[in-house]
Amino acid sequence: MFEEGAGCVAVVGVQWGDEGKGKIVDVLAERATIVARYQGGANAGHTVRVEGEEFVLHLIPSGILYPGVRCLMGNGTVVDPWTLLEEMAGLRARGIDLERRLGLSSRAHLVLPYHRMLDRALEASRGVDRIGTTGRGIGPAYRDKVNRTGLRVGDLRDPGRAAEVVRAACSAANDTMERLELDDRVDPEEVLEALEAVRPSFLELATDVGQEIRDGLGEGGRVLLEGAQGSLLDIDHGTYPFVTSSTTTAGGAAAGVGIGPTMIDEVIGVVKAYTTRVGNGPFPTELPGEEAERLRSLGDEFGATTGRPRRPGWFDGVAVNFAAGVNGLTGLAVTKLDVLDSFRELQVAVGYTLEEEPLARFPDSAAELERVRPVYERLPGWEEDTTGARRWDDLPELARGYLERLEQLAGAPIQWVSVGQARRQIIRVGPSRGVPIAG
Ligand code: IMP
């Protein structure tokens with residue numbers, strides 16, 4: 001961690017998103033000089049609570065709430081200019097100073113109105129196989145990027161080129177709408193006019209994020225790379241096709257900001273003490289009916305971006321172990337432990353079976369994952385309030401036992417435990433447990 005001299009730390013989600021990365025980044029950002037997002041767009045919703053006030057951030061890194069931290073959005077992100085400007089206006093209105101604190105990679109791609117239109121249309125056309133996207137235009141924006149038909153922030157410096165790209169993309173989008181027999185259309189001239197209005201304020205943010213981070217590290221700065229979504233929503237390693245469109249895992253952090261992988265010193269994986277998923281796709285430990293309702297209401301499990309109810313379930317040690325490996329975790333942060341305070345008994349998946357046979361690996365196919373059955377281990381609940389705990393030793397013995405089981409399954413040492421929404425409701429766990437690390 002930073003206090004031990006590490007310069008660059010990546011924070012990643014190890015489940016299906018909504019693990020509480022915003023809270024952990026917020027805690028770590030206190031000592032950072034730069035916080036940078038490396039992928040995703042306004043599909044993310046990071047909730048941070050500071051002195052009773054709630055901030056939901058979609059694009060701007062959570063570090064913005066600490067004065068003096070420079071916040072960057074890397075080339076791997078996709079940015080809706082209007083959403084970003086609105087988020088900036090919202091923060092300013094609440095007294096957050098953004099002057100020279102925000103930068104956006106000139107290589108990042110823009111999310112434009114036709115991407116949102118296509119996202120909704122393509123989802124509707126998928127019928128029962130729909131992914132359950134956030135409808136923010138993320139998939140179509142990344143599709144344009146990979147197809148080499150996207151518009152990058154830096155392209156706005158040349159309005160003639162931007163107009164060419166937008167007109168071609170609108171024409172292709174309108175063709176798709178016609179083929180899908182849908183009525184919505186997008187007018188390229190309207191998009192260009194709207195873009196022209198935000199061009200100056202947007203270009204003011206443009207920077208070379210990779211260079212800034214490399215310079216910052218060279219000067220002894222401390223950099224946090226903030227992931228969005230979760231590892232099981234990763235375009236390659238997640239439960240494809242029920243995934244997002246970017247590399248959410250730690251390998252994407254270097255490429256998504258423009259530094260070498262050797263410059264990342266630590267990778268902290270964030271897991272909830274149980275599991276949730278929002279959107280469609282396989283979820284082996286999903287809870288049915290009333291039990292789901294109990295966990296959803298205790299954990300306030302509703303999407304920060306879409307408000308959709310999240311699907312709750314028990315902690316899945318198989319999925320987390322797989323994701324921990326893909327990320328090369330050096331440490332683990334467990335969030336929302338307090339949500340389990342009232343349970344008499346807890347379950348944790350320690351294996352899967354497929355057609356009655358034990359399965360030794362995490363399936364690479366969503367269809368197969370849909371058919372596995374979790375092998376559960378039952379653990380006694382602690383039935384005590386943990387929200388006041390500030391040290392490992394303050395936690396009930398049964399809660400420590402539960403956490404140690406999660407740690408074994410994940411294969412990475414617990415470094416943080418979060419026991420509530422407030423900044424101070426956090427436990428720093430040292431290697432020798434009872435002894436908190438200085439700082
Ligand atoms: P998209 O990222 O909007 O294309 O949605 C693809 C999948 O990722 C859907 O299942 C979404 O619910 C999920 N997803 C996207 N962003 C988040 C997030 O921040 N938290 C949890 N799930 C997300």
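A search for C-beta distances below 8 Å between a residue of the stretch 18-47 that is assigned by TED's automatic domain parsing to the domain that holds VAL429 and any residue that is outside any helix (DSSP H, G or I) and modelled with pLDDT under 95, counting only pairs 6+ apart in sequence or on different chains, returns nothing. Scanning the stretch 200-220 finds one or more residues that are surrounded by fewer than 16 Cβ atoms within 10 Å (Cβ to Cβ), under 20 Å from MET88 (Cβ atoms) and of a type in the set (A, V, I, L, M, F, W, C). Note on the stretch 29-47: residues that are surrounded by 24 or more Cβ atoms within 10 Å (Cβ to Cβ) and not in a loop (DSSP other than H, G, I, E, B) amount to 7. Quick check on the stretch 240-250. Is at least one of its residues surrounded by fewer than 18 Cβ atoms within 10 Å (Cβ to Cβ), within 13 Å of the ligand (Cβ to nearest atom), farther than 12 Å from GLN15 by Cβ and among the small types (Gly, Ala, Ser)? No, because not a single residue in the stretch 240-250 is surrounded by fewer than 18 Cβ atoms within 10 Å (Cβ to Cβ), within 13 Å of the ligand (Cβ to nearest atom), farther than 12 Å from GLN15 by Cβ and among the small types (Gly, Ala, Ser). For the stretch 282-295, a residue qualifies if it is within 14 Å of the ligand (Cβ to nearest atom) and over 17 Å from ALA319 (Cβ atoms), but none of them does. Scanning the stretch 245-279 for residues that are in a loop (DSSP other than H, G, I, E, B), among the polar types (S, T, N, Q) and farther than 28 Å from ARG222 by Cβ yields a single hit, SER245.
Return yes or no: is THR276 within 20 Å of TYR402 (Cα to Cα), within 13 Å of the ligand (Cβ to nearest atom), touching a strand residue (DSSP E or B) at 6+ places or on another chain (Cβ under 9 Å) and not assigned by TED's automatic domain parsing to the domain that holds ILE138?
yes
Of all residue pairs spaced 6 or more apart or on separate chains, those with beta-carbon atoms under 8 Å, a first member in the stretch 263-282 that is small (Gly, Ala, Ser) and a second member that is within 11 Å of the ligand (Cβ to nearest atom) and part of a strand (DSSP E or B) are GLY269/GLY13. Within the stretch 120-138, identify whether any single residue is closer than 17 Å to PRO61 by Cβ and in contact with a His (Cβ under 8 Å, 6 or more places away or on another chain), and answer yes or no. The answer is no; no qualifying residue exists. Of all residues in the stretch 98-105, none satisfies being crowded, with 24+ Cβ neighbours inside 10 Å, at pLDDT below 90 and not polar (S, T, N, Q).
Of everything in the stretch 280-338 that's among the acidic types (Asp, Glu) and assigned to a helix (DSSP H, G or I), which residue is farthest from the chain's Cα centre (by Cα)?
Ranking the candidates gives GLU290 first.
Among the residues making up the stretch 296-319, those that are in contact with a strand residue (DSSP E or B) (Cβ under 8 Å, 6 or more places away or on another chain) and away from the ligand (no atom under 16 Å from the Cβ) are TRP314, PHE315, GLY317, VAL318. For the stretch 145-195, enumerate the residues that are among the charged types (D, E, K, R), part of a loop (DSSP other than H, G, I, E, B) and surrounded by 13 or more Cβ atoms within 10 Å (Cβ to Cβ). ASP184, the sole residue that qualifies.
The values are calculated or read from the model by the stated rules, or taken from the named source; none is laboratory data. Because the structure is a prediction, the values reported are computed rather than measured. Glycine gets a Cβ as well: all are built from the backbone with ideal geometry, and neighbour counts include every protein chain shown.
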